[in-house]
Amino acid sequence: MSPIAPAKIILRGRKVVGGCAEGEALVTRDTISGWGGIDPMTGTVIETHHELRGVCFKDKVLVFPGAKGSSGWSAAFHLARIAGFAPKAMIFKVMTTKIALGAVVMRAPSVTDLDQDPLTAIETGDWVKVDGDRGIVEITKKA
Amino acid sequence: MRLTDQEKAMLDGAEGPARQKAMDLLVRYGEALGAERFVDVSNIAGVPGSSTLFLQDYYKEHGGGSFEDVFSRFDLDSDETVPFPKVGGNCCHLQGGMDPELWVEQGMSPDAFAHQQQDEAELARHGIQVLKTCTPYLAGNMPAYGEHCAWMESSAVVFCNSVVGARTNTEGRESTSAAMLTGKIPDWGFHLDEHRHGTHLIQVDVPVESVMDWGMLGYFIGDVMQENIPVVAGKLGQPDLIRHKHFGAAAASSGGVEMYHVVGVTPEAPSLETAFGSKKPVATIHYGPTERRRVYESLNSNGRDLDVDYVMLGCPHASIEQIGEAARLLAGKKIKDGRSLWMFTSRAVKSVADLHGYTKTIRDAGGLVMTDTCSAIGRTLPEGTKVVALDSAKQVHYLPAIMGIQAWFGSTEDCIQAALTGRWSGELR
């Protein structure tokens, strides 16, 4: 490896939704509510006690434990996609019906069941490439 | 996923383009979950085809804004509009966006109301029952023990699994709409015996009797459980339907609880051993006076001003007993000038409340009984509301965040007292 090339970390997991996307990581240790937890029209987390409250996830690679709350999860993120405020890709730990359906209708490359904890391996601001079909996450640590 | 011949045929279009699109979506969804097959479902509760004005306008600009366009493109996640056939099975529409009679009071526009009426006619025409409630089990759709369902609405899902012993995951709008056409849903999670057993023991060390206390316990459990399955034991009174409704709704809001067991109470927990199946509890978590106080404070952390403008009751939608109780507390009294009290329920329950004179008693006191929606779902508040009082932990979780207002949490009596005096005086008793 060239000494100037930034270190890359590879995580392997399983496909949730296929396709490739890359972008800046937005990492949270809090689960995310869809309906009532985000504003789909601005792509912002609005939940009262959430650590990302007020933060916009548009075009980010969203790294989080998983989904919680209302069954309107998929519809809220679906609406965010239509309004142009969806994340580019998703990496998460706990599979639920909310997040599976949400990832499908968001049409965002998504992976889970990774061989390392993505919440430790990835930090907000890292550049992350998600290959949904192969279940591979490539992390370039921020400078 | 392994598909049956009938499912393969549907996916190939043998039953028409709408069922093909629905099946395609369900296969993508099932694969995302890691499901191996589908299960047949005939009891489906969702919100098919409804659209906000934003969605309607968006689709108008992108190929058409009719009910069929929205249903195809949003509900079935299809890139083209397909003809929408009549649905099969027992399908119902959950809560909607406005009261069909009091929409002006709710601040809705004539355009939005006309649009809602059109959507409703389409639902009826397609064989979807217009229950318009988050409590279908109080309005004509009570599943049977063991029945496989595809339900949305987290508070109804947790009730369906835990109290009834029917089987559903927390489905979404798109999966329920697709299930209405296909009668299929991924055979995953709560459809399977092994995923219905408890994971954690919640030992209740402080007496839990009132509806408010059941709500607080639910809110605590949701927060500590997230998506796990609690088995609740200890100092509990016998919960009635209202207590289950408030407990489950709260646990499904602060966390993602889709099923709980109460030992000796819920149908799949005749004993502690049965509730856990062959597994041992991952952990035992205690709920005592300290935890109870902490939950109460957390639920009241949005409140600062003691002047209350608005009292909202009926989350989840009120049962007839709850409306009767509100009428009893308001009979012969007057809500303080400039304050509002709205109580939400289903049309089915309201018709009984009308019959009993409860609706009139509440109206004579200055309150309104409304149907179909709630302040959070309909994004509707009395004009100028800054501070609301609520008797639902679930509503406290959502309404201040969605509408940017302050909220107080307490008992139904505390809330009605606030409506009568205009001041919040609730406390943890």
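The values are calculated or read from the model by the stated rules, or taken from the named source; none is laboratory data. These numbers were taken from a predicted model, which means no experiment stands behind them. Positions of Cβ are generated from backbone atoms using ideal geometry, with glycine treated the same way; all protein chains shown enter the neighbour counts.
Quick notes on this structure:
- Pairs are defined by a Cβ separation below 6 Å, a sequence spacing of at least 6 or placement on different chains, a first member in segment B:406-423 that is at positive phi, and a second member that is modelled with pLDDT of 95 or more and surrounded by fewer than 19 Cβ atoms within 10 Å (Cβ to Cβ); the pairs so defined are B:422/B:336.
- Evaluated against (1) part of a strand (DSSP E or B); (2) farther than 16 Å from residue B:304 by Cα, residue B:429 falls short on exactly one condition, (1).
- Of the residues making up segment B:114-157, those that are surrounded by fewer than 17 Cβ atoms within 10 Å (Cβ to Cβ) and out of contact with any Gly (no Cβ under 9 Å at 6 or more places or on another chain) number 8.
Matching residues to (1) under 30 Å from residue A:68 (Cβ atoms); (2) in a helix (DSSP H, G or I); (3) touching a Cys at 6+ places or on another chain (Cβ under 6 Å):
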{"residue": "B:362", "(1), (2), (3)": "no, yes, no"}
{"residue": "B:376", "(1), (2), (3)": "yes, no, no"}
{"residue": "B:379", "(1), (2), (3)": "yes, no, no"}
{"residue": "B:384", "(1), (2), (3)": "no, no, no"}
{"residue": "B:388", "(1), (2), (3)": "yes, no, no"}
{"residue": "B:398", "(1), (2), (3)": "yes, yes, no"}
{"residue": "B:401", "(1), (2), (3)": "yes, yes, no"}
{"residue": "B:413", "(1), (2), (3)": "no, yes, no"}
{"residue": "B:419", "(1), (2), (3)": "no, yes, no"}
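- The set of residues from segment B:281-323 being acidic (Asp, Glu) and in a helix (DSSP H, G or I) comprises B:291, B:297, B:321.
- Which numbered condition residue A:27 fails, given (1) at the interface with chain B (Cβ under 10 Å from one of its Cβ atoms); (2) within 17 Å of residue A:119 (Cβ to Cβ): (1)
- Checked against the criterion of being outside any helix (DSSP H, G or I), within 18 Å of residue B:400 (Cβ to Cβ) and not hydroxyl-bearing (Ser, Thr, Tyr), segment B:342-359 has at least one qualifying residue.
- Per the listing B:385, B:361, B:373, the residue uniquely out of contact with any Lys or Arg (no Cβ under 7 Å at 6 or more places or on another chain) and under 23 Å from residue A:72 (Cα atoms) is B:373.
- For segment B:158-192, a residue qualifies if it is more than 7 Å from chain A (Cβ to nearest Cβ), of a type in the set (Val, Ile, Thr) and either within 14 Å of the chain's Cα centre (by Cα) or surrounded by fewer than 24 Cβ atoms within 10 Å (Cβ to Cβ) (or both), and the qualifying residues are B:158, B:163, B:164, B:168.
- The lone exception for residue B:256 - which of (1) buried (at least 17 other Cβ atoms within 10 Å of the Cβ); (2) modelled with pLDDT of 95 or more it fails: (2)
- The criterion of at least 3 residues that are at pLDDT 95 or above and not assigned by TED's automatic domain parsing to the domain that holds residue B:22 is met by the following helices (runs of 4 or more DSSP H) wholly inside segment B:152-246: B:211-225.
- Test: residue in segment B:147-154 that is under 22 Å from the mean Cα position of the chain (by Cα), within 14 Å of chain A (Cβ to nearest Cβ) and farther than 29 Å from residue B:239 by Cβ: no
- Residue check, residue B:77 among the acidic types (Asp, Glu), in contact (Cβ under 8 Å) with a residue 60 or more places away in the chain and more than 25 Å from residue B:376 (Cα to Cα): yes
- Among (1) under 18 Å from residue B:268 (Cβ atoms); (2) surrounded by fewer than 20 Cβ atoms within 10 Å (Cβ to Cβ), the one test that residue B:235 misses: (1)
- Spans of helices (runs of 4 or more DSSP H) in segment A:30-143 with at least 2 residues in contact (Cβ under 8 Å) with a residue 60 or more places away in the chain, within 14 Å of chain B (Cβ to nearest Cβ) and surrounded by 24 or more Cβ atoms within 10 Å (Cβ to Cβ): A:97-106
- For residue B:335: the one exception among (1) touching a strand residue (DSSP E or B) at 6+ places or on another chain (Cβ under 6 Å); (2) over 23 Å from residue B:399 (Cβ atoms): (2)
- Looking across segment B:1-39 at every residue that is more than 26 Å from residue B:122 (Cβ to Cβ) and in contact with a Lys or Arg (Cβ under 7 Å, 6 or more places away or on another chain), the one that is surrounded by the fewest Cβ atoms within 10 Å (Cβ to Cβ) is identified as B:2.
- Scanning segment B:314-332 finds one or more residues that are closer than 21 Å to residue B:422 by Cβ, touching a Cys at 6+ places or on another chain (Cβ under 8 Å) and either modelled with pLDDT of 95 or more or not assigned by TED's automatic domain parsing to the domain that holds residue B:159 (or both).
- Residue count for segment B:391-409, restricted to those that are away from chain A (no Cβ under 13 Å) and more than 17 Å from residue B:344 (Cα to Cα): 1
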